[in-house]
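The values are calculated or read from the model by the stated rules, or taken from the named source; none is laboratory data. Just so it is clear, the structure is predicted and the values come from calculations on it, not from any experiment. Please note: Cβ atoms are built from the backbone with ideal geometry, for glycine as well, and neighbour counts cover all protein chains shown.
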């Protein structure tokens, strides 16, 4: 991908939360419909559909694999249909798949759709499903390893090495919640305080229930094309300006440094390609799913020195109206965790912000931002710079 | 036995069977490359550093330090719900590899990063013995 070669022209999203009456295909259809309407294109001009894999929903994945989306959406000009997954890193993987189609001329307009329905499962099934997503079946799961513990172990080590306090980690949840209150589609609708976060029921030390993400039904979609074509189709295309990626591990025991993981090198790569730096960013859309990861990645993006990110959140610099608005949809912790779709929701929110369509959460005059994603037990890190102009 | 156990058991790969045979004899075996000396944990088909297929199983000292930990109070997978709270630990073995395990013989509130620990072998079924860790000098 070269700077500005590809762009996203539209988005679609549904409310995130507990919606047992809404099926997987209904979510996918709704977000697809919205993304097409938002772009103002003829549905039959969409010549490729990428379904992002649902983390739990084998029947839906099978349906998508075998062409349900282009048929249900009536995409008469569709030439390519596929299912793509890299877990939580999927919002990057789907872009790469779309770039492949667009860059080789196999497609001109690519519709990407994510849908997730967790309300089909019991809490126990979800705990088991997520353990498998993040933990090794031979070496970890037999010991009772679970996803919240993965996050907790990172947090304990991060606090030990940097002196970051539980209050500072709780401040991340509070900052997220302030943004979620400005989002019509977010799952959480009530104010939150640091005291509430820390006094809540302990789940996996040091994380209380408010510090663990909320599994939710939801979905989002976007349409991607070349930068050149995007300019002809919409007033404000959002360009992909720079990116960086690293793979680190499957088992968290193989991550060399739990308190850094591998986020700084790809962030620097992304800035370098875009020809921009942290000081040029109007927004940080950080996907970490747990407070310590969010602070760590925020630091890797260059917004605070190591160990000072937590204080930054606590001082309110990440809030609406703050120095660097962060996670403007409320992220997994407040908007809701839709499996592989957390990064996709942040990407969709990124596009809305840069198109001036973010409603009450709109950061005035936003031009550039950084967003990230990663899958499994933070197995990889993908950083991207987006902008509504090519600098 | 397996049915009574009721929790997920490790399904050994061809290259890890020796490890699980070792735990039944209270040995913590590590797969060491004969060409470059790298220890792979978890073990894989070949040495993940140099691709050599020449290896030997060495006996670990069974000692290490806690790199990090987390105590699960709620939300464990159903098979482990009855054991809550329990403390998961990352242990850096003296041999230089990190393993994930469970802390035993220690109050969850007493677990600390840097704590010295040693392996304890806990029989799960006739076929499987798991490796847990306890504080060094704990009498058990």
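Provide a single number: the residues in the range B:22-44 that are surrounded by fewer than 16 Cβ atoms within 10 Å (Cβ to Cβ) and either away from every other protein chain (no Cβ under 13 Å) or touching a residue at least 40 places away in the same chain (Cβ under 8 Å) (or both).
7
Can you name the condition, by its number, that residue B:19 falls short on among (1) away from chain A (no Cβ under 14 Å); (2) in a helix (DSSP H, G or I)?
(1)
Can you name every one of the helices (runs of 4 or more DSSP H) wholly within the range A:166-258 that holds 2 or more residues which are at pLDDT 95 or above, under 26 Å from residue A:378 (Cα atoms) and more than 14 Å from chain B (Cβ to nearest Cβ)?
Passing ranges, in order: A:166-180, A:194-199.
Quick one: how many residues across the range A:313-338 are within 22 Å of residue A:222 (Cα to Cα), touching a helix residue (DSSP H, G or I) at 6+ places or on another chain (Cβ under 7 Å) and outside any loop (DSSP other than H, G, I, E, B)?
The total comes to 4.
Right, residue A:27: crowded, with 23+ Cβ neighbours inside 10 Å, in contact (Cβ under 8 Å) with a residue 12 or more places away in the chain and in contact with a helix residue (DSSP H, G or I) (Cβ under 8 Å, 6 or more places away or on another chain) or not?
Considered against the rule, which asks whether it is crowded, with 23+ Cβ neighbours inside 10 Å, in contact (Cβ under 8 Å) with a residue 12 or more places away in the chain and in contact with a helix residue (DSSP H, G or I) (Cβ under 8 Å, 6 or more places away or on another chain), residue A:27 comes out as no.
Report yes if residue A:301 is surrounded by 24 or more Cβ atoms within 10 Å (Cβ to Cβ), touching a strand residue (DSSP E or B) at 6+ places or on another chain (Cβ under 8 Å) and either modelled with pLDDT of 95 or more or under 30 Å from residue A:145 (Cα atoms) (or both), otherwise no. Walk me through how you get there before you give the answer.
Working: surrounded by 24 or more Cβ atoms within 10 Å (Cβ to Cβ): yes; touching a strand residue (DSSP E or B) at 6+ places or on another chain (Cβ under 8 Å): yes; either modelled with pLDDT of 95 or more or under 30 Å from residue A:145 (Cα atoms) (or both): yes.
Against the criterion (surrounded by 24 or more Cβ atoms within 10 Å (Cβ to Cβ), touching a strand residue (DSSP E or B) at 6+ places or on another chain (Cβ under 8 Å) and either modelled with pLDDT of 95 or more or under 30 Å from residue A:145 (Cα atoms) (or both)), residue A:301 qualifies.
Working only within the range A:139-152, note down all residues that are in contact with a helix residue (DSSP H, G or I) (Cβ under 7 Å, 6 or more places away or on another chain), within 7 Å of another protein chain (Cβ to nearest Cβ) and closer than 13 Å to residue B:72 by Cα.
A:144, A:145, A:146
Which of the residues spanning the range A:358-381 are in a loop (DSSP other than H, G, I, E, B), farther than 17 Å from residue A:281 by Cβ and touching a strand residue (DSSP E or B) at 6+ places or on another chain (Cβ under 8 Å)?
Scanning the range A:358-381 gives A:374, A:375, A:376, A:379.
Which residues, taken from the range A:259-280, are assigned to a loop (DSSP other than H, G, I, E, B) and either out of contact with any strand residue (DSSP E or B) (no Cβ under 9 Å at 6 or more places or on another chain) or surrounded by fewer than 24 Cβ atoms within 10 Å (Cβ to Cβ) (or both)?
The answer is A:259, A:260, A:262, A:275, A:276, A:277.
Go through the range A:84-141 residue by residue and tally those that are within 23 Å of residue A:232 (Cβ to Cβ) and not in a helix (DSSP H, G or I).
Residues meeting the conditions: 9.
Quick check on this structure: which one of A:124, A:134 is touching a helix residue (DSSP H, G or I) at 6+ places or on another chain (Cβ under 9 Å), surrounded by fewer than 18 Cβ atoms within 10 Å (Cβ to Cβ), within 13 Å of chain B (Cβ to nearest Cβ) and modelled with pLDDT under 95?
Details: A:134 fails: surrounded by fewer than 18 Cβ atoms within 10 Å (Cβ to Cβ).
None of the other options fit; the residue is A:124.
Taking the stated definitions as given, is residue A:106 in contact with a helix residue (DSSP H, G or I) (Cβ under 6 Å, 6 or more places away or on another chain) and more than 25 Å from residue A:381 (Cα to Cα)?
no
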